[in-house]
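First comes the structure, then the notes that go with it.
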Amino acid sequence: MPTPITKAVIPVAGLGTRFLPATKAMPKEMLPVVDKPAIQYVVEEAVRAGLADVLMITGRNKAALENHFDHVAELESVLREKGDLERLSKVNASTDLADVHYVRQGDPRGLGHAVLRARSHVQHEPFAVLLGDDIIDERDTLLSRMLEVQQRKNTTVVALLEVDPSQTHLYGIATVEDSDQDDVVKVTGLVEKPPPGESPSNYAIIGRYVLRPEIFDILETTQPGKGGEIQLTDALQEMAAGPAWVGGVHGVVFRGRRYDTGDRLDYLKAIVRLASDREDLGAEFVPWLRGFVSELSADGASDAD
Ligand code: G1P
């Protein structure tokens, strides 16, 4: 029987340089997406999939993250005195959401290095890794599906998205073979961010992984790769090519709604898409947005307010 999965690891030690100056004193994971910090969507996703034990791999400047998942006594008592229970419940939602632990990454030596820092917390169980730049729509159940495939095949699982060939250089790319299930593939090879035009496929790893604990031994000896960093993709390639007892690597092909918040343009698109779908905002926002778009002049300037 495969070991049940209870833990999620979320690397949050990145410097967020693409969002400077907003991220000068604030972690990029705290940037609001509509009215919630990006990181809260990701923790909510882990909890929905049954993983309430969350380990964040943090770095400098990350105090705001820890505060967000903790009580804030003064604000809570002000809201309680005012009888503003609706806002109080919003404040408490992130406090009560999960059992959040923190470990510092130390030197930022890449995603593989960040994941290796989870070793003493995770120990010998399979575990999930969620990257904060990707938000998966709560109506789609990608992570639960990945956990199911991991448990059934006792393998390591990555989330794959078919991307436009012009985008492959931005991702870890998998070479795959079909399996007996439409949304599951066997991964035969992986390469981190291949140069444009040299990608072996258009199956990109999006930021969700369910890893067998053998990944830690592999990461201990993984040499710096692309960008001089210890790459998780390189360790996964070793797993895919490794002996049968490490269980190989499979991919769950995601065809749902994913919002990338990793750069400014995608972040703007994510906010517009999520706000349009919100019950409390969409009814006013969508008609305004339609008007705004129709008023945009050919040169991109706008008269809308
Ligand atoms: C990381 C991984 C890459 C993966 C991507 C998904 O890259 O190294 O393999 O495809 O996340 O978002 P990053 O976007 O952190 O540069």
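Computed from the coordinates by the stated procedures, all read-outs in this text should not be read as laboratory data. All of these numbers come straight from a predicted model, not from anything done at the bench. Here Cβ is always computed from backbone atoms with ideal geometry, including for glycine, and neighbour counts include all displayed protein chains.
There is no residue in segment 197-213 that is within 14 Å of the ligand (Cβ to nearest atom), part of a helix (DSSP H, G or I) and of a type in the set (G, A, S). Figure legend. Inter-residue proximity from segment 53-79: first residues more than 20 Å from P32 (Cβ to Cβ), second residues polar (S, T, N, Q), beta-carbon distance below 6 Å, spacing 6+ or different chains. Indicated pairs: D53/T6; I57/Q105; G59/Q105; H71/T95. Restricting attention to segment 117-133 and to residues that are touching a Ser or Thr at 6+ places or on another chain (Cβ under 9 Å) and surrounded by fewer than 23 Cβ atoms within 10 Å (Cβ to Cβ), the residue that is farthest from L274 (Cα to Cα) turns out to be H124. For segment 94-158, give me every one of the helices (runs of 4 or more DSSP H) that falls completely inside it and has 3 or more residues that are of a type in the set (K, R) and more than 14 Å from the ligand (Cβ to nearest atom). In segment 94-158, 142-153 are the helices (runs of 4 or more DSSP H) which contain 3 or more residues that are of a type in the set (K, R) and more than 14 Å from the ligand (Cβ to nearest atom). Here S276 fulfils each of the conditions (1) among the hydroxyl-bearing types (S, T, Y); (2) farther than 28 Å from E29 by Cβ; (3) more than 16 Å from the ligand (Cβ to nearest atom) apart from (2). For R255, the conditions (1) under 21 Å from L147 (Cβ atoms); (2) in a strand (DSSP E or B) all hold with the exception of (2). Residue count for segment 162-195 under the criterion of being aliphatic (A, V, I, L, M), within 22 Å of Q223 (Cβ to Cβ) and within 10 Å of the ligand (Cβ to nearest atom): the result is 4. Looking only at segment 196-215, residues that are closer than 19 Å to A118 by Cα and either over 22 Å from the mean Cα position of the chain (by Cα) or surrounded by fewer than 20 Cβ atoms within 10 Å (Cβ to Cβ) (or both) come to 2 in all.
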